[in-house]
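Take a look at the structure set out below.
Laboratory data are not the source of any read-out in this text; all were calculated from the coordinates shown. Note that the structure is predicted; figures quoted are calculated from it, not measured. Because the Cβ atoms are built from the backbone with ideal geometry, glycine has one as well, and the counts that use them run over all protein chains shown.
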Amino acid sequence: MAEPKTHRGRETRERIVLTAVRLFQESGVSATSVDEILRAAGAGKGQLYRYFESKEMLVAAVVAHQVEDYLGGQLETLERLETWEELEGYLGGLVAGHEERAFLGGCPVGSLALELAGEDEDLRRQLAEALAAWRVSLAVGLRRLIDRGLLRGDAVPERLATSLLATVQGAYLLSTVHRDGDVMAEALREALAHLRSHAETPGDPSGGGTV
């Protein structure tokens, strides 16, 4: 995959990638043609193939962009968790972001994983690694809550993180189908309540529950 040598070239490449991101979210990867992407991006095939050898290479660039753009900051936030309120705010941010995207495409990473897992083994591994990193960061954050005495010492962060991530993915799916952020918010409130059932002091009102 050639890297642009000029500022204009970098802008064109980025415009193509971002257009593909949007169209893939709206319609899916397989249902979106290269011609549709080029028309929407205002680019020609010569420009596309200057930077991407094929649609598959463009899809790989979209996957890399989504993993970095969507998950990059999230993982750092999770690994610095200090309170229940911060975890609640994180989950609320997922709901708000999905609403801002008008419920298109579900989870920016999970939806790609679902569609591409059986199509491209390299991309499947890349997306599996991204989801694994998400799960690990959730576990790191929950371990910090244990260290701060907010979760019982016998809680298993890895299991709780797996359960929470599965709920997040399911909540994305349901809210996408129903075009309703309340569906996602309700599922994540229940997930937070489940986590708080493992709290060191279950009656402690801190942390709320208003995702």
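Of note:
- Start at zero, step by 10 Å, and the Cα-Cα distances of the range 22-117 spread as 13, 39, 29, 13, 5, 0 percent across the bins.
- Quotient of Cα Rg and 2.2 N^0.38 Å for the range 1-53, N being how many residues it contains: 1.08
- Within the range 1-68, GluC sites (Glu not before Pro) in DSSP loop having at most 15 other beta-carbon neighbours inside 10 Å: 53
- Annotation: peptides 103-115, 82-94, ranked by per-residue average of other Cβ atoms within 10 Å with the highest first, follow the order 103-115, 82-94.
- Here the contact order of the range 1-90, divided by its residue count and restricted to Cα pairs under 8 Å and six or more residues apart, works out to 32 percent.
- Springs join every pair of Cα atoms under 10 Å in this Gaussian network model of the chain, and among 130, 185, 31 the largest mean-square fluctuation is at 31.
- Among 80, 196, 50: highest mean-square fluctuation, GNM of the chain, C-alpha pairs under 10 Å: 50
- Pairs of alpha carbons in the chain whose separation is greater than 32 Å (percent): 26 percent
- In whole angstrom, the range 81-152 maps to an equivalent ellipsoid with semi-axes of 28, 18, 6, each derived as √(5λ) from the alpha carbon gyration tensor and ordered largest first.
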